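Here the structure comes first, spelled out in structure tokens, and everything after it is commentary.
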Amino acid sequence: MNTAIESAWQLAKARYAALNVDVEAALKQLDNIPVSMHCWQGDDVVGFEQSAGALTGGIAATGNHPGKARTADELRADLEQAFRLIPGSKRLNLHAIYLESEEPVARNAIEPKHFSRWVAWAKEQHLGLDFNPTCFSHPLSSDGFTLSHPGENVRRFWIEHCQASRRISAYFGRELGTPSVMNIWVPDGMKDLTIDRLAFRQRLLNALDEVIAESLDAQLHIDAVESKLFGIGAESFTVGSNEFYLGYATSRGTALCLDAGHFHPTEVISDKISSAMLYVPHLLLHVSRPVRWDSDHVVLLDDETQAIAHEIVRHNLFDRVHIGLDFFDASINRVAAWVIGTRNMKKALLRALLEPTEQLRQLEQEGDYTARLALLEEQKSLPWQAVWEHYCQRHDVTPGSEWLQQVRHYEQTILRQRQG
């Protein structure tokens, strides 16, 4: 135990107590907020299909840092290394292309057995699993359309893929005792002018209704749908817009996924949370960092990440908001990217939990906006870092930047030995 960290922790507790903030209660709550790490950071969204082709769907992972995971076992080993450096509760988010099979499997024929090793591993790691159908990087998505495709045969293939994915998601929930959130995102859209937008959206609506027609236990599986503003190859028209999916989630009772990079550069998802929560039962958040376009950079402890955390905590949305991460950077150490992004999300949650929210709310209700602003700014300087370091130490995790030494050792001994 680091005595300096413990001394700082005791002082921090006293400082927060003076504002009627129960630090122990905050840490207990933080332990109960899992962050779902995304598997695709570890291999640049390639997956393990034997017939895997080029990455498509407006997605790009740039860079060639050594050590990309080439097998599921390598990916799991990398994830375990990242987990060791991240305190508190975690989940893992899988895409359908991360199946394991000795023979090629068509995406509309995937089954729970193709993910049984992931489930066994998740049990060992005490993790919940979330899931996603993979509606990109496939010959039948090469023209930019899947669930809204004009061709019945192509559309049927993707409907069946999403239906099979839902059954896998429910299998995760049944085996692991925690509901799996399955997010549907499709890249459907057009590069240039589109005449009959309504027809594309009607087809997407009908296809989604077919996908979710089978009743599944909500204790095992939660459906989510995700919008996007535009993408490469879909600069002029995206079928699954924000308006489309907000309407769909509201009318069908699914979860709505808000991705931090899927809106206009001047929009932020933190401002959308309270509105969406009035109409949909659950929200799935994809916390990311857009730069110029939806480039999915590693999450920072920046204003928007903090604002997202504040919205969750201030409105007590712990049971209705599911936090996932979505970034992929191949220009830096991939394990370090997971650690940086996930720790930042957890730091933001901790800072939000340490806010004197009730006092601030009372000031707002009384119309004392001067005191509200003053307190908001002064509490930013409170010693939350001392609480974070104690929290890391409590979970036997390196509290400061020294964790990078462990990642560098892992890179030298494991990652740089990988070829191809």
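The values are calculated or read from the model by the stated rules, or taken from the named source; none is laboratory data. Predicted model, so just to flag it, every value in this text is computed and none were measured. Cβ: placed from backbone, ideal geometry, glycine included. Neighbour counts: every protein chain shown.
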Matching residues in the range 14-41 - criterion: being closer than 19 Å to Arg84 by Cα and either in a helix (DSSP H, G or I) or of a type in the set (A, V, I, L, M, F, W, C) (or both): Leu27, Leu30, Asp31, Ile33, Val35, Met37, Cys39, Trp40, Gln41
Please count how many residues of the range 162-204 are assigned to a helix (DSSP H, G or I), of a type outside the set (D, E, K, R) and within 20 Å of Leu216 (Cβ to Cβ). 11
For the range 342-420, which helices (runs of 4 or more DSSP H) that fit wholly inside it have 1 or more residues that are at negative phi, polar (S, T, N, Q) and surrounded by 13 or more Cβ atoms within 10 Å (Cβ to Cβ)? 357-365, 384-394, 403-413
How many residues does the range 392-420 contain that are touching a helix residue (DSSP H, G or I) at 6+ places or on another chain (Cβ under 6 Å) and within 29 Å of Val23 (Cα to Cα)? 2
Return the only residue of Val225, Val211 being under 20 Å from Arg156 (Cα atoms) and in contact with a Phe, Trp or Tyr (Cβ under 8 Å, 6 or more places away or on another chain). Val225
Positions within the range 272-282 being touching a residue at least 24 places away in the same chain (Cβ under 8 Å) and either out of contact with any helix residue (DSSP H, G or I) (no Cβ under 6 Å at 6 or more places or on another chain) or among the polar types (S, T, N, Q) (or both), in sequence order: Ser274, Ala276, Met277, Pro281, His282
Residue by residue through the range 8-47, note down the ones that are out of contact with any strand residue (DSSP E or B) (no Cβ under 9 Å at 6 or more places or on another chain), within 30 Å of Gly128 (Cβ to Cβ) and of a type in the set (Phe, Trp, Tyr). Trp9
If you take the residues of the range 103-157 that are in a helix (DSSP H, G or I) and of a type in the set (Ser, Thr, Tyr), which of them is surrounded by the most Cβ atoms within 10 Å (Cβ to Cβ)? Ser141
Screening Asn64, Asn20, Asn32 for residues that are surrounded by fewer than 18 Cβ atoms within 10 Å (Cβ to Cβ), modelled with pLDDT under 90 and of a type outside the set (Val, Ile, Thr) leaves only Asn64
Might you check whether a residue that is within 30 Å of Ile332 (Cα to Cα), touching a His at 6+ places or on another chain (Cβ under 6 Å) and assigned to a loop (DSSP other than H, G, I, E, B) occurs anywhere in the range 42-56? no
Mind counting the residues in the range 1-32 that are of a type in the set (Lys, Arg) and farther than 25 Å from Ala371 by Cβ? 1
Any idea which of (1) over 30 Å from Arg320 (Cα atoms); (2) not in a helix (DSSP H, G or I); (3) not basic (Lys, Arg) is the one Leu11 doesn't satisfy? (2)
Out of (1) closer than 24 Å to Ala249 by Cβ; (2) touching a strand residue (DSSP E or B) at 6+ places or on another chain (Cβ under 7 Å), what's the single condition that is false for Leu204? (2)
